[in-house]
Every structure is written in C-alpha cells, then in structure tokens.
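The structure under discussion appears below in the form of structure tokens.
The values are calculated or read from the model by the stated rules, or taken from the named source; none is laboratory data. These numbers come from a predicted model, not from an experiment. With ligands, DNA and RNA removed, areas are computed over all heavy atoms of the protein, side chains included. Shrake-Rupley method; radii C 1.70, N 1.55, O 1.52, S 1.80 Å.
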Amino acid sequence: KNKNFSYSIKVADFYYKDTAQTMIDRIKSEALISNSKIIKISETNYRVLIGPFNDIKSLKDSFEKMNTLNFENLEILNNV
C-alpha cells in the first residue's frame with residue numbers, strides 16, 4: 001500500500017479571488033463539500049482545490065458530488 005496517498009481535485013483557475021470565493025461558496029452549498037480552498041498562484045491567478053484526500057474512496061465520493069454540478073474540466077492532482 002502507498003502510504004503517501006495524497007490527492008486534490010482541481011476545480012478551476014480564476015482571475016479574481018472574489019470569483020474563486022463564489023465558487024467555494026457554491027461547492028459548499030450545492031455539492032456539500034467543505035474541504036475546498038483557494039490557492040494564490042500569482043497576482044491574477046487563483047486556483048480552487050478540494051482536498052487533500054488520503055484515500056481513494058473519499059476522493060471518488062467528492063469527485064462524483066462535483067460531477068452533479070456539471071463541471072467538465074475537473075482534474076485530479078497528486079500532492080506528493
């Protein structure tokens with residue numbers, strides 16, 4: 001077993017932090033996922049991530065919840 005299992009779901013990148021925060025609020029209210037966060041990549045680039053996940057089941061469950069919101073470009077990122 002891999003003891004370093006750590007993945008996140010990349011939802012999207014945004015130009016404005018306010019827009020990224022609106023996405024976080026939507027994820028919390030519509031998908032009922034609470035472990036989302038904003039990562040500042042540059043002065044004008046903010047990434048919304050869900051996670052980290054330490055097991056495949058929780059990753060899969062959250063990914064399926066996000067699919068109900070009709071996101072097409074979700075990415076799974078390895079945090080290791």
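The slack between residue 16 and residue 69, meaning 0.36 nm per residue of separation minus the straight C-alpha distance, is 17.0 nm. Only Cα pairs within less than 10 Å get springs; with that Gaussian network setup on the chain, which residue of 65, 17, 57 has the largest fluctuation? Ranking 65, 17, 57 by mean-square fluctuation puts 57 first.
Using a cut-off of 12 Å between alpha-carbon atoms, which aspartates and glutamates can reach residue 65, once sequence neighbours fewer than 8 places away in the same chain are excluded? Once the sequence-local aspartates and glutamates are set aside, what remains near residue 65 is 30. Within the accessible surface of the chain, defined with a 1.4 Å probe on protein heavy atoms only, the carbon and sulfur portion equals 49 percent. Seen against the Cα atoms of the chain and their longest principal axis, helix 56-67 is set at about 30 degrees. Among rounded, prolate and oblate, which fits the range 38-80 when a ≥ b ≥ c are the square roots of the eigenvalues of its C-alpha gyration tensor, a/c under 1.5 means rounded, and a/b larger than b/c means prolate? Oblate, because a/c is 1.5 or more while a/b does not exceed b/c.
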